Amino acid sequence: MNRSTLAVLLTLAGGYAHAEFNPIPKESGFSGYAMVGGNYSDVHSNTLIGPKKSESNYLSSLDSQASSDGTSPLLNLDLRYTLADSRTQFYLGSLIQDMVTLDFTQQLGVRTEMADKGIGSIGYVFSGIPGQVWQDPYLTGAERQKSDRNSNGIRVGWDSIWGSNWGANYTYRDISIDDERSGSSLMTLTSAERGQLDRNGKLHLVEVSYNWFGPRGSILSPSLNYAKNQADGDAVSYQRIGGQLSYALMQPQYSLVTNALLNQLQYDKANPVFGRKVDATQWGLNANFFWHKLAGIEKLSAVFSASYGESDANVHFFDSDLTSIGAGLMYKI
């Protein structure tokens, strides 16, 4: 999900839409939500670690594809505190738009209303729960070992730019893998070629979105994004151009949020393992249904979600797909 969809979800537990998108509350105090539930996912990928690591840690050859399926907990917290007189809001929580890609980044930041110029924000993004990658994803004939992937940086945003329905944000992250050993198992590679596979580095992401408010609580949010991954290895550095279309329907009893995304990814240099430069097309669909006032409790909602995504590359090793379904409870603070 993108930044716009996250803002929608912050209002869903109340079951209504605001005239202004993701506004700062008029009263001081705490707000946000907590979510708990479970998730089932089926992952086919040589680079993503699935829910059952023992099923995906072995590759018979570079032409095969690892797979894993299983359950995992679904936990999310977004906590906010508003100073109404100064039109300022502090926030801490997981970013839903990152969690959908198995990246459990968190953010600590502040938002402030700039009169009729919109709402500006700045936050520190960090790995509350480190992601996991394979130390050497190209290892075959033996069990691959996992390693933590940490990231930290800043995210700067501007919602309702000059009072309009436009929004934009920029994110910078420094990415560090504890045990980066890509290509170490391939004796045919030189040390310089192994260096071209180093995944440590920096990531820049720019996003621009527009929110169109339709009748009867509907919101349509198209967005465009550009990412530049400046890895230490040229063969795993890439640029990505993409778009997403989000639709939300918010009613007193229920809400529905759907997303469709499409990305085109191009790596900078040829991958020395395969002797060619990797390109990939990524696409995905996601739907989230909320049933409000569960059991007559005003702030409690049931949540159901389903996602499917694919990455189709010109090198079979990098093909992947992910199917996920989940259910849980959301409580508005």
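The values are calculated or read from the model by the stated rules, or taken from the named source; none is laboratory data. What you see is a predicted model; the values in this text were computed from it and never measured. With ideal geometry, Cβ positions are generated from the backbone for all residues, glycine too; neighbour counts draw on all protein chains shown. Just the protein is used for accessible areas: all its heavy atoms, side chains included, with ligands, DNA and RNA removed. Shrake-Rupley method; radii C 1.70, N 1.55, O 1.52, S 1.80 Å.
Inside the range 248-307, can you point out the residues that are closer than 27 Å to Asn225 by Cα and among the acidic types (Asp, Glu)? Within the range 248-307, Asp268, Asp279 qualify. Starting from the range 234-247, take each residue that is more than 17 Å from Asn211 (Cα to Cα) and list its partners that are acidic (Asp, Glu), counting only C-beta distances under 6 angstrom and pairs at least six apart or across chains. Note: pairs meeting the criteria are Asp234/Asp268; Ser237/Asp268. Checking each residue in the range 36-79 for being touching a strand residue (DSSP E or B) at 6+ places or on another chain (Cβ under 7 Å), open to solvent by 30 Å² or more (accessible area, probe 1.4 Å) and free of Cβ contacts under 8 Å to residues at least 24 places away in the same chain picks out Pro51, Lys52, Glu55. On inspection, Asp159 does not qualify as open to solvent by 50 Å² or more (accessible area, probe 1.4 Å) and touching a helix residue (DSSP H, G or I) at 6+ places or on another chain (Cβ under 8 Å). Any residue at all in the range 6-22 that is out of contact with any Asp or Glu (no Cβ under 7 Å at 6 or more places or on another chain) and at pLDDT 85 or above? For the range 6-22, residues out of contact with any Asp or Glu (no Cβ under 7 Å at 6 or more places or on another chain) and at pLDDT 85 or above: absent. Mind checking whether some residue in the range 128-145 is under 30 Å from Ser255 (Cβ atoms), modelled with pLDDT under 95 and either open to solvent by less than 60 Å² (accessible area, probe 1.4 Å) or of a type in the set (Lys, Arg) (or both)? Yes: the range 128-145 contains one or more residues that are under 30 Å from Ser255 (Cβ atoms), modelled with pLDDT under 95 and either open to solvent by less than 60 Å² (accessible area, probe 1.4 Å) or of a type in the set (Lys, Arg) (or both). Going by the conditions given, is Asn211 within 28 Å of Ser68 (Cα to Cα) and of a type in the set (S, T, N, Q)? When the stated conditions are applied, Asn211 does not pass them. Given the condition touching a residue at least 40 places away in the same chain (Cβ under 8 Å), open to solvent by 60 Å² or more (accessible area, probe 1.4 Å) and under 30 Å from Leu224 (Cβ atoms), answer yes or no: does some residue in the range 164-183 qualify? Yes - at least one qualifying residue is present in the range 164-183. Screening Lys202, Lys228 for residues that are among the charged types (D, E, K, R) and either open to solvent by less than 70 Å² (accessible area, probe 1.4 Å) or closer than 30 Å to Lys299 by Cα (or both) leaves exactly one candidate, Lys228.
Would you check which residues across the range 116-127 are more than 17 Å from Gly32 (Cα to Cα), in contact with a Gly (Cβ under 9 Å, 6 or more places away or on another chain) and either modelled with pLDDT under 95 or not hydroxyl-bearing (Ser, Thr, Tyr) (or both) and list them? Please lay out each step first, then the result.
Here is the first cut: in the range 116-127, the residues more than 17 Å from Gly32 (Cα to Cα) are 116-120, 122, 124-127.
If we keep only those that are in contact with a Gly (Cβ under 9 Å, 6 or more places away or on another chain) as well, we get 116-120, 122, 124-126.
Of everything in the range 116-127, those that are more than 17 Å from Gly32 (Cα to Cα), in contact with a Gly (Cβ under 9 Å, 6 or more places away or on another chain) and either modelled with pLDDT under 95 or not hydroxyl-bearing (Ser, Thr, Tyr) (or both) turn out to be Asp116, Lys117, Gly118, Ile119, Gly120, Ile122, Val125, Phe126.
Every residue, every condition in (1) open to solvent by 70 Å² or more (accessible area, probe 1.4 Å); (2) under 22 Å from Thr71 (Cα atoms); (3) of a type outside the set (Asp, Glu); (4) in contact (Cβ under 8 Å) with a residue 40 or more places away in the chain, yes or no:
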residue: Ala287; (1), (2), (3), (4): no, yes, yes, no
residue: Lys293; (1), (2), (3), (4): yes, no, yes, yes
residue: Ile297; (1), (2), (3), (4): yes, no, yes, no
residue: Val303; (1), (2), (3), (4): no, yes, yes, yes
residue: Glu310; (1), (2), (3), (4): no, yes, no, no
residue: Val315; (1), (2), (3), (4): no, no, yes, yes
residue: Phe318; (1), (2), (3), (4): no, no, yes, yes
residue: Leu329; (1), (2), (3), (4): yes, yes, yes, yes
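Screening Ala248 on (1) within 26 Å of His44 (Cα to Cα); (2) buried (at least 19 other Cβ atoms within 10 Å of the Cβ); (3) at pLDDT below 95; (4) not polar (S, T, N, Q) shows it passes everything except condition (1).
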